[in-house]
1. State whether one or more residues within the stretch 296-309 are closer than 21 Å to residue 261 by Cα, assigned to a loop (DSSP other than H, G, I, E, B) and either open to solvent by 30 Å² or more (accessible area, probe 1.4 Å) or in contact (Cβ under 8 Å) with a residue 12 or more places away in the chain (or both).
2. Take the stretch 216-225 and flag every residue that is surrounded by 18 or more Cβ atoms within 10 Å (Cβ to Cβ) and within 19 Å of residue 137 (Cβ to Cβ).
3. With the requirement that a residue be surrounded by fewer than 16 Cβ atoms within 10 Å (Cβ to Cβ) and part of a helix (DSSP H, G or I), what does the stretch 365-377 give you?
4. Take the conditions in a loop (DSSP other than H, G, I, E, B), within 23 Å of the chain's Cα centre (by Cα) and surrounded by fewer than 16 Cβ atoms within 10 Å (Cβ to Cβ) and apply them to residue 197. Does it pass?
5. Of the residues in the stretch 1-21, how many are modelled with pLDDT of 75 or more and open to solvent by 20 Å² or more (accessible area, probe 1.4 Å)?
6. How many residues are open to solvent by 10 Å² or more (accessible area, probe 1.4 Å) and either farther than 17 Å from residue 222 by Cβ or over 18 Å from the mean Cα position of the chain (by Cα) (or both) if we restrict to the stretch 173-187?
7. If you check 87, 139, 94, 103, which single one turns out to be closer than 24 Å to residue 189 by Cβ, open to solvent by 60 Å² or more (accessible area, probe 1.4 Å) and hydrophobic (A, V, I, L, M, F, W, C)?
Amino acid sequence: MIKIIFRFSQKSIEAYKQIINQPTYQTFRKFNITFQQGVNIIDQIENKQIKGNAKLIINLFTYIRKQFSNDILRSRQELLQLAIDDIKLSGEYILIPSLLSNINYCYQPELYLSQACDLLLKHSSQMDIKCLSNCVYTIGKIARKNVQIDHQNEKMINYNAALITLQELITIIKLKTINCRDIQILTEILIGYQKMEIDIQEHIYQQLNQIEFSKFKINESQLLHTISRNDNLSVAGLELKRKLYDCMVKAIYDNSITITSMALGLKAAKELVSEDLLKYCQEQFHRQSDKVNITDLSMMAYVSFTKGIVTKEFSNLLTNAYELLKENADINVINFLIPNIAQMINLRLLDKKFINLFLITVKILSDKNKINRQFYKQFAYETKKIENEEIRNKFEKIKLNLIIIYKLQLQVLQCSGHHKGF
């Protein structure tokens, strides 16, 4: 059994013993376990050569998923049931957050989510707020994502289990977050409940408003992004948003903010952004172009298009970036660009080369069946508003291609019985 994984050296045998006796993520990292070695251990668990306890299974899956790929977790997901059964017996509730994270990436999360929710409810009073916040965030993510993908009965049952679980946790969450000043923890709770459309915002806003925001890093930008998704903010929510915005503006002018935090923060608070601030930020993007990734640039473009402000330097930066990207773009990046693109074209703020690159990218994504319904509707809406006949005709040609692709997709959906209307 040992030679399968580590050959014969004494050092390797000692390493193997330590891994089995202390199967933590850190131990796997310490001994630099390879993908194949990890798979070999999983094989031995399945063949009952090694006792498959929850700690070993969950931490090994987590390690392989983070270091290599989700594929093994998706193909060997049945081992999660062994882990769940073991936690039921051992009561090792500390493993529940990692269990939920792995369920999120497995092939059929609906097989395991309700059982994990039962474990969480049973042990919630023993957990600290960090464990609880992680569980709340992941449950919301799993349930929302899978119901959006498919409305099968099994998935709806698990969605309801998640809904009931988060509702039952509200009282203990409120108790454990009194005097909590950890931005990441409070943001995770806010996101989890938001995804399930359960109202806990006011309590969380009150806790967050006790914090003096002195820096604007990734946690602060994610928090601003999260609260901005609520269209009907309360007085406490609006106060929090203004505090975060003021903190971001100070960080921008102090040059103490990363490009990513700047882009996410500006997108989240776009209605508060002034023309002078936006032009200054576009200048920063141009100056730090070597640090700019395409997602940050697209978020910045979204804000710029929405405000109708694009400097020549920023337009050139967009064109150069998309020339490199066109074959590797994804729909999430393109989604940032389509709103208000007609206005930018009509104001002649975009280079013709960029417009052509954008259309090429849309065509490539369409041919790969990557365009979704939301994008198609927005694309058609923007096409109608373009004043330049030559450019509008180019958009119309792409729109016709999108229609053909969608008709084919609908035929497939109708044949599979999942058609719900276009």
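1. yes
2. In the first step, residues of the stretch 216-225 are kept if they are surrounded by 18 or more Cβ atoms within 10 Å (Cβ to Cβ); the result is 216, 220-225.
The answer is 220, 221, 222, 223, 224, 225.
3. Within the stretch 365-377, 367, 373, 374, 377 qualify.
4. yes
5. Our first condition is that a residue be modelled with pLDDT of 75 or more; within the stretch 1-21, this holds for 17-21.
Subsequent filtering for residues that are open to solvent by 20 Å² or more (accessible area, probe 1.4 Å) retains 17-18, 20-21.
Result for the stretch 1-21: 4.
6. Of the residues in the stretch 173-187, 8 are open to solvent by 10 Å² or more (accessible area, probe 1.4 Å) and either farther than 17 Å from residue 222 by Cβ or over 18 Å from the mean Cα position of the chain (by Cα) (or both).
7. 94
Yes or no, residue by residue, for (1) part of a loop (DSSP other than H, G, I, E, B); (2) free of Cβ contacts under 8 Å to residues at least 12 places away in the same chain; (3) open to solvent by less than 20 Å² (accessible area, probe 1.4 Å); (4) out of contact with any strand residue (DSSP E or B) (no Cβ under 6 Å at 6 or more places or on another chain):
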| site | (1), (2), (3), (4) |
| --- | --- |
| 23 | yes, no, yes, yes |
| 29 | no, no, no, yes |
| 33 | yes, no, yes, yes |
| 38 | no, no, yes, yes |
| 51 | yes, yes, no, yes |
| 56 | no, no, yes, yes |
| 62 | no, no, yes, yes |
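The values are calculated or read from the model by the stated rules, or taken from the named source; none is laboratory data. Nothing here was measured: the structure is a model prediction, and the numbers come from that model. So basically every Cβ, Gly included, is an ideal-geometry build from the backbone, and we count neighbours across all protein chains shown. What goes into the accessible areas is simple: the full protein's heavy atoms, side chains included, and nothing from ligands, DNA or RNA. Shrake-Rupley method; radii C 1.70, N 1.55, O 1.52, S 1.80 Å.
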